[in-house]
Amino acid sequence: MTDVTGVRVGHATRSGDGWLTGTTVVLAPEGGAVAAVDVRGGGPGTKETDALDPRNVVQKVEAIVLTGGSAYGLDAASGVMAWLEERGRGVRVGADPAHVVPVVPAACVFDLGRGGDFRARPDAATGRAAVEEAAASAPGTPVREGCVGAGTGAAVGALKGGVGTASTVLGSGITVAALVVANAAGSAMDPGTGVLYGELYEELFQGRRVERPQRRVHEAARRRLAEAAAKSPPPPLNTTLAVVATDANLSRAQAQKLAGTAHDGIARAVRPVHLLNDGDTVFALATGRRRLDAVDPLALNEVLAAGADVVTRAIVRAVRAAEPVAGPGGEWPSYGELYGGR
């Protein structure tokens, strides 16, 4: 994600003593970035997403918040708003430069009780801690992946989920990147082979050969997952959150199209998605540092296709980077524990 110049990411993580949750903040360059959102899940938990409609007044946002804690965790956005207000960053609403209203879109995943305490959830202080980490990071600092921030309590079916990120640079020089919180009732793994769906996609359409797990390894993993699922049955909630960022100069309508097509990347890597109880939500950010060729009709298409691709890769990285968790709130093995990492 931080390969997009000016974009920074911070995590606030709480684990132990009943906690297993956190918040992740994607901080735009000062002055904000064009933003959009596309919500496909039937049961989303969001804040300030209506402000991103291209028909409405807000032109840019300063930050996007992804958080655990279900709807309670949306309080984390208040801490980010306060931090931005203190720095005069937001929508100007008066002659005084200090009179701003920071618009901070946010979305949440369900992780309540996974640390053991149902009331252990992110709040405004958690959001402030995450945005402060983002602001303090040097430009281009690699994003920590796995069980951090909003991915701390994430689970993908019976597997441990987490945060993942990926990026690509197009032939035009435009960068497209994604940060994903993988937290799904659906599966990220082909039950017949143990291969991640996202890696199967890469093999089929991008020529990247994927090594299949040995049968004995896969059978042992299936037994282990069945045991874990019996102890921690996944709730009928299936939420994957993503932020897709680019340095292209996109209009608000183009950014909304990017957020929409990026959902294809989720559908390639997680099954099922976009169902009644899902909260699947994708945000798009465009910093505008590189011109999109207005003459070439395929220029935008390349950005759209890349957005879906980096979301798929980010989900794979989230699942592979996750670490196993076992505690009073449940037990979730990691993919690396079962099949080995790379």
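Pairs are defined by a Cβ separation below 6 Å, a sequence spacing of at least 6 or placement on different chains, a first member in region 194-223 that is more than 20 Å from Pro324 (Cβ to Cβ), and a second member that is of a type in the set (Ser, Thr, Tyr) and open to solvent by 40 Å² or more (accessible area, probe 1.4 Å); the pairs so defined are Arg212/Thr193. For Ala135, are the conditions met, namely being assigned to a helix (DSSP H, G or I), at pLDDT 95 or above and out of contact with any strand residue (DSSP E or B) (no Cβ under 9 Å at 6 or more places or on another chain)? Considered against the rule, which asks whether it is assigned to a helix (DSSP H, G or I), at pLDDT 95 or above and out of contact with any strand residue (DSSP E or B) (no Cβ under 9 Å at 6 or more places or on another chain), Ala135 comes out as no.
Conditions (1) assigned to a helix (DSSP H, G or I); (2) not charged (D, E, K, R), marked per residue:
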residue: Val273; (1), (2): no, yes
residue: Asp293; (1), (2): no, no
residue: Asn301; (1), (2): yes, yes
residue: Leu304; (1), (2): yes, yes
residue: Asp309; (1), (2): yes, no
residue: Ala314; (1), (2): yes, yes
residue: Val319; (1), (2): yes, yes
residue: Leu338; (1), (2): yes, yes
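Would you say Thr67 is in contact (Cβ under 8 Å) with a residue 12 or more places away in the chain, among the hydroxyl-bearing types (Ser, Thr, Tyr) and under 20 Å from Leu237 (Cα atoms)? Yes: the conditions hold for Thr67. Among the conditions (1) among the acidic types (Asp, Glu); (2) within 23 Å of the chain's Cα centre (by Cα); (3) over 30 Å from Lys231 (Cα atoms), the only one that Asp111 does not satisfy is (3). A single member of Thr175, Thr126, Thr165 is touching a residue at least 12 places away in the same chain (Cβ under 8 Å), open to solvent by less than 20 Å² (accessible area, probe 1.4 Å), among the hydroxyl-bearing types (Ser, Thr, Tyr) and under 30 Å from Leu338 (Cα atoms), and it is Thr165. Of the set (1) of a type outside the set (A, V, I, L, M, F, W, C); (2) within 19 Å of Tyr197 (Cβ to Cβ); (3) buried (at least 24 other Cβ atoms within 10 Å of the Cβ), all apply to Glu145 but (3).
Considering Gly116, Gly41, Gly153, Gly73, which residue is small (Gly, Ala, Ser), part of a helix (DSSP H, G or I), open to solvent by less than 50 Å² (accessible area, probe 1.4 Å) and farther than 17 Å from Arg8 by Cα? Reasoning before the result, please.
Details: Gly116 fails: part of a helix (DSSP H, G or I); Gly41 fails: part of a helix (DSSP H, G or I); Gly153 fails: part of a helix (DSSP H, G or I).
Only one candidate passes the filter, namely Gly73.
If you go through region 197-225 and keep only what is at pLDDT below 90 and surrounded by fewer than 12 Cβ atoms within 10 Å (Cβ to Cβ), you end up with Leu204, Phe205, Gln206, Gly207, Arg208, Arg209, Glu211.
The values are calculated or read from the model by the stated rules, or taken from the named source; none is laboratory data. Everything quoted here is computed from the prediction, not taken from an experiment. Positions of Cβ are generated from backbone atoms using ideal geometry, with glycine treated the same way; all protein chains shown enter the neighbour counts. Surface accessibility is based on the protein's heavy atoms, side chains included, excluding ligands, DNA and RNA. Shrake-Rupley method; radii C 1.70, N 1.55, O 1.52, S 1.80 Å.
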